[in-house]
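Have a look at the structure below before the remarks.
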Amino acid sequence: MTNASVAVDRSGAGPTDEVTDLDPAWLSTALGVEVTAVQATRVGTGQMGQSWRLDLTSTDPAAPASLVAKMAGGDPSTRTLIADGYRNEFNWYTRWCATVDITTPRCWYATITEDSTSFVLLLDDLAPSAPGTQAAGFTVAEADVALVELAGLHGPRWSDPTLTDDPALRAPTPEGAAFHAQVLAGAIPQFTEKFAAWLSADDIAVLDDLGSWIGDWLSVGGDRLTFVHGDFRPDNLMVSPDGARIHTLDWQTLGLGFAGRDVGYFLGLGLDSDLRRSAERDLVRTYHEALVTHGVERSFEETFDDYRLGTPQGPLVTVLGAVYATATPTPESDAMFASMITRTCATIRDLDPASLLG
């Protein structure tokens, strides 16, 4: 969805971390319409932010009946560690999403501090669509729709050399790969200790082995950079009641990389492992056929290998997300991370991405 008309930083309505600040006066300034009353209800369980449904009262027919406000969350003193993520999401809605073909909610207003540690986005309320559930996983039919959407993110900017002209988009570097490999290696022991009750010996072996080659993996695909979502999984996808339409949320992990990282991540942990094994070739074919419609010249077998090679995105995001999340852990978040890691370790055992590094 094009967001070319999104309002950015209207005078007087700036960033805040408190939903109580989003009162009728603030909203009237941000939206450019008169809001006379607002009621806020917490929604979602974001690990790096907070989201609120705002039910609005207004006499202006141009005013939306409800919106979702997305804001920074967690300890302000540690937010510099995740400020790039907040900046990514702000830039996504205000600059980048109009250049691709993936369905996202309309952004009505966006504002962020200079240091990117506090922000507010006012987004369309997508109800009655509802987010998928990581622990339950997607059905094959839902995954089909999601993969067409994913091709709409990857295809339009595939190998676009102008992507790296944007100073806010950094291509992967050997130094960055080495740094993230080191961070992951340090986080794996903490993760395996915390999630020991869920992990099999085979899962732990996958994680230990991954630490020896993740640096090489982080350096692949530089010849076909495109936008990658980075955390494309059921909890971040809003599904319509009939399952025919999906909106993608949570763009804090957006970056440049090879497209297989999103595909391997989604299929590797977004479906029950047995279902994934039985349907993965057909699902990758759905994605490949959609990718071709965007002008990408890549064979199905090449695309399937991209999917295989992309599967380490699963443990990379899961381990770092669980260890460094700013939100207080809950039984629900622990169950989410447990389903993510056990499925993605099974996928890596099945598909052997390390063998493609050469």
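Applying a threshold of 6 Å to beta carbon distances and a minimum spacing of six or more residues, or different chains, the list of pairs starting in region 215-232 at a residue that is of a type in the set (A, V, I, L, M, F, W, C) and ending at one that is in a loop (DSSP other than H, G, I, E, B) and buried (at least 17 other Cβ atoms within 10 Å of the Cβ) reads 217/312; 227/157.
Evaluating residue 246 against the criteria (1) crowded, with 19+ Cβ neighbours inside 10 Å; (2) more than 17 Å from residue 199 (Cβ to Cβ); (3) touching a Lys or Arg at 6+ places or on another chain (Cβ under 7 Å) leaves one unmet condition, (3). A single entry from 354, 279, 322, 346 fulfils the requirement of being part of a helix (DSSP H, G or I) and within 22 Å of residue 50 (Cα to Cα): 322.
Being crowded, with 17+ Cβ neighbours inside 10 Å, of a type in the set (D, E, K, R) and out of contact with any Lys or Arg (no Cβ under 9 Å at 6 or more places or on another chain) narrows it down to one residue among 144, 209; which is it? So the residue among 144, 209 that is crowded, with 17+ Cβ neighbours inside 10 Å, of a type in the set (D, E, K, R) and out of contact with any Lys or Arg (no Cβ under 9 Å at 6 or more places or on another chain) is 144.
The set of residues from region 303-317 being of a type outside the set (Gly, Ala, Ser) and either in contact with a Phe, Trp or Tyr (Cβ under 6 Å, 6 or more places away or on another chain) or not in a helix (DSSP H, G or I) (or both) comprises 311, 312, 313.
For region 209-228, the set of residues classified as over 24 Å from residue 166 (Cα atoms) and of a type in the set (Gly, Ala, Ser) consists of 211, 212, 215, listed by residue number. Out of 243, 186, one residue alone is farther than 25 Å from residue 306 by Cβ, of a type outside the set (S, T, N, Q) and free of Cβ contacts under 8 Å to residues at least 12 places away in the same chain. It is 186.
Against the conditions (1) on the phi < 0 side of the Ramachandran plot; (2) assigned to a loop (DSSP other than H, G, I, E, B), residue 150 satisfies every one except (2).
Laboratory data are not the source of any read-out in this text; all were calculated from the coordinates shown. Please read these numbers as outputs of a predicted model, since none were measured by experiment. Don't worry about glycine lacking a Cβ; one is built from the backbone with ideal geometry, like all the others, and counts go over all protein chains shown.
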